[in-house]
Amino acid sequence: SGPHFIGRDAEVADLVSRMVSGISVVVTAPRRYGKTSLLDRAAELVRKDHGAVVTVNLMHCPGLDAFASRLVAGAYNTEGGRGRRARQGLPELLRRLRVQPDLTLDDAGKPRFTFGGLAERDAIVVLDNVYAILSSLAKERSAVLILDEFQAVGELGGGLAPALKALGDQHPKVSLVVAGSRQHLMDALVLSRGAPLYNMAERLAL
């Protein structure tokens, strides 16, 4: 990351170009090929250009509660939470969430969002709300949702991938970037005819 990121200039440029243009992308590469570093670098460049980016690595989400928590935290940071006092940014965010998280603040005033025992339908509502937040921001700047290690989505819930397709159709200015290292699972989710996200995203292979 940062100054240690070397190479992949063409791939980064291709990915950033699609992200700022509202084009959805599927990135596939074997493990240890630098896929996550590529995503992080592209997200960094989009943010430097005042773009809104929410990133969730599904391998770090042991269940729907963690997935929803990371989505909401990403939305809070995207809407300026890092640069604004909690009492300014939080009420607006919470007003836009139909499923409310538990909220705690650390000593520095940084919020922590947690959910307990979410049903899949409620996690999809959270996803819908975060997508809507990104879509509202996309009226003035780039807006991107990155889901890394996307092949794990089926372990979280069978309805999430179809919901993403519907949300992508509903909010065409939001770039959805899904990335994965298990080619056969990515094919089944995104690339093969009949996949839940088929024909939704342009492919970038490393």
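The values are calculated or read from the model by the stated rules, or taken from the named source; none is laboratory data. The structure displayed is predicted, hence computed values, not measured ones. Ideal geometry is used to build each Cβ from the backbone, glycine not excepted, and the neighbour counts take in all protein chains shown. All accessible areas refer to the heavy atoms of the entire protein, side chains included, with ligands and DNA or RNA removed. Shrake-Rupley method; radii C 1.70, N 1.55, O 1.52, S 1.80 Å.
Key figures
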quantity	calculated
Options 87, 70: the member that is modelled with pLDDT of 95 or more and either open to solvent by 10 Å² or more (accessible area, probe 1.4 Å) or under 17 Å from the mean Cα position of the chain (by Cα) (or both)	70
Failed criterion for residue 108 (all others in (1) in contact (Cβ under 8 Å) with a residue 24 or more places away in the chain; (2) more than 22 Å from residue 162 (Cα to Cα) hold)	(1)
Filter result (open to solvent by 60 Å² or more (accessible area, probe 1.4 Å) and at pLDDT below 95) within the stretch 14-44	14, 30, 31, 32, 33, 40, 41
Residue count for the stretch 43-74, restricted to those that are touching a strand residue (DSSP E or B) at 6+ places or on another chain (Cβ under 8 Å) and closer than 22 Å to residue 27 by Cβ	16
Unique match (being farther than 29 Å from residue 27 by Cα and in contact with a strand residue (DSSP E or B) (Cβ under 8 Å, 6 or more places away or on another chain)) among 106, 148	106
Complete set of residues in the stretch 25-60 that are outside any helix (DSSP H, G or I) and among the charged types (D, E, K, R)	31, 32, 49
